[in-house]
Every structure is written in structure tokens, then in C-alpha cells.
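The values are calculated or read from the model by the stated rules, or taken from the named source; none is laboratory data. Since the model is a prediction, treat every value here as computed from it, not as a measurement. Glycine gets a Cβ as well: all are built from the backbone with ideal geometry, and neighbour counts include every protein chain shown.
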Amino acid sequence: EEPAEEDVAAAAAREAAEVTELAALSAAAEPAVGDAEGWWPREETSTARRLRGFLAARMEEKAPTPRKKPPVVAHGPERTILFDLETLRSAAEVGGWNRADRMGVAVGVLYFLEEDRFESYRENRVGDLVAALRSATKVVGFNSRRFDYKVLEGYAGRGLSRELPTLDLLEEVRRVAGFRMKLDHLAQETLGASKSADGLQSLAWVAEGRLDEVEEYCRHDVEILRDLFLFGRREGYLMFRDKRRDVRLRLPVSW
């Protein structure tokens, strides 16, 4: 807000009066003789002492207030978690994909990137899995917002997709390409790798109680997810195949 005109005039008048007083005091002060420190007399008169006090007060008054440094905010270490889930029940068994919260978790596998460590969770440890995801600074998945989080919300309640700092690679691919692609397709074209099974096979293993094989399959998917994520971060693109022209093309990414 600009000062009023009368405030400006009053300030100018005060400054002029101070300058006049300073000039009068300076004229009355006795000159120094051989003083290497300055112009002050060695035996100050009362006038000179008044002048010194006047100037000291003015300097203190005019001294700018030192700026306070902004507080240093301590940022914790990065904690990037990549994950995938395999379910206990199919979409058909629960009444459709829109009821993913009823599918249940057979196995979940998390990869802690900065620690280079995998950890597997069965249904009795879903709470630990969700707690680990909540501790992350970035959660990386593939179709995680539309599927994996919906499955976990059957245990943790709604809102995980808003709560967790998520990078969904399928969403990023669709945003750039304009259409969805399968994880297996991107893995083959970018890495020369393939998935070891599929969701139907996983459900068959679950029905047979072969959860160790489900866990191995899920871990392999997370390995592919990790390698795609790291490739895209390093190179700035993934590869896919235009099936109409049968050519491999680059898909730019920026994560």
C-alpha cells in the first residue's frame, strides 16, 4: 500500500530538520589533531559528544533489520516401491471387475528399489503390505489405480489411489500413446522379456493351493515392472510395436 501524501511530507520535514541539526553540531565540534582513527577530537567537547551520540543513534535507527533465514526442511530419503498383486478370486466369481474389492489378495510382492529388496505378502499380512505402501515416497504399479488399489481397498478402505504417491505406468503409456498396452507387450518390445504366466494360470494355482508358484509368478511380474521403469527413467522412452505396419516405435516417457 502506498503511503499518504501527508505522511511523505512529514517524513521529509523530519529528515531536513535532522540534517540541519547535524550540520550545526558538525560546525561546533573541535577539529581533531593527528587522530589516525578519524576526525573526532582527542578531548571531546560536550557538543562533539552530542554529535557522536546523535550519529550513533541515527546509524542504529537506519540499520536494516537482518533477514531471518528460512527454516531448513529436512527431507527423508527416497523410498520407491514397485508392486503387484495376485487375487484369490476372479472377476466372474465376485460379480464383475467393478467389485475388485471382493477378490481378495492371494499374494502381493513389493520391490524396495533403493534397498534392492523383494518382500512377499500373503493375505494374512495385507495390513503390513498396505503399511509399507503408505511409507513410500513413490509407489509404482501397472494398472494399479484401476485394479490393485481396488483389491486392497477391500481391506484398507477406500481412497488409496488419492492417498498414495502413485506412478501408474499403464496410465502414463495411455496418456502418451492414446491407448492401453499390456505389460507383456511392452516387456517383449523394450526388454526382450516375457511374462512367465498369466492371471488365469495364477487363479488355477490358487485353487490348487500352489501359492508358492503364484508368488514366483507375481515376483517375475514385479521384476519386469522394475526393469521397464528403470529403462524408461534412464532412456526416456519405451518400445512398442505398431502391428498394422509391423514396426517397432519409441514411446517417450518422463518419469
Wholly inside the stretch 83-168, helices (runs of 4 or more DSSP H) that include 2 or more residues that are modelled with pLDDT of 95 or more, closer than 22 Å to L211 by Cα and not β-branched (V, I, T) are 91-94, 126-134, 149-156
The residue that is farthest from R175 (Cα to Cα), considering only those in the stretch 241-255 that are hydrophobic (A, V, I, L, M, F, W, C) and touching a Leu at 6+ places or on another chain (Cβ under 9 Å), is W255
Across (1) closer than 17 Å to R241 by Cβ; (2) in contact (Cβ under 8 Å) with a residue 40 or more places away in the chain; (3) under 29 Å from the mean Cα position of the chain (by Cα); (4) not in a loop (DSSP other than H, G, I, E, B), M181 clears everything bar (4)
Exactly one of D227, D212, D198 is within 25 Å of L133 (Cα to Cα), at pLDDT below 95 and either buried (at least 17 other Cβ atoms within 10 Å of the Cβ) or among the acidic types (D, E) (or both), and that residue is D198
Residue hits (the stretch 204-255; of a type in the set (F, W, Y) and closer than 18 Å to G141 by Cα) are Y217, F229, F231, Y237, W255
Query raised in the report: L230: out of contact with any helix residue (DSSP H, G or I) (no Cβ under 8 Å at 6 or more places or on another chain) and within 19 Å of E115 (Cα to Cα), yes or no?
Result: yes
Taking the stretch 94-127 and keeping only residues that are of a type outside the set (S, T, N, Q) and loosely packed, with under 14 Cβ neighbours inside 10 Å, one is left with G95, G96, W97, E114, E115, D116, R117, G127
(1) free of Cβ contacts under 8 Å to residues at least 12 places away in the same chain; (2) farther than 28 Å from A92 by Cα all hold for F231 apart from (1)
Requested in this report: For S202, indicate whether it is in contact (Cβ under 8 Å) with a residue 12 or more places away in the chain, of a type in the set (S, T, Y) and out of contact with any helix residue (DSSP H, G or I) (no Cβ under 7 Å at 6 or more places or on another chain).
Outcome: no
When the stretch 156-205 is checked residue by residue, the ones that are within 17 Å of L230 (Cβ to Cβ) and of a type in the set (V, I, T) are V173, T190
Being hydroxyl-bearing (S, T, Y) and in contact with a helix residue (DSSP H, G or I) (Cβ under 6 Å, 6 or more places away or on another chain) narrows S144, S161, S135 down to just S161
| task | Could you tell me whether the stretch 99-115 includes any residue that is among the β-branched types (V, I, T), in contact (Cβ under 8 Å) with a residue 60 or more places away in the chain, closer than 18 Å to D221 by Cβ and in contact with a helix residue (DSSP H, G or I) (Cβ under 6 Å, 6 or more places away or on another chain)? | result | yes
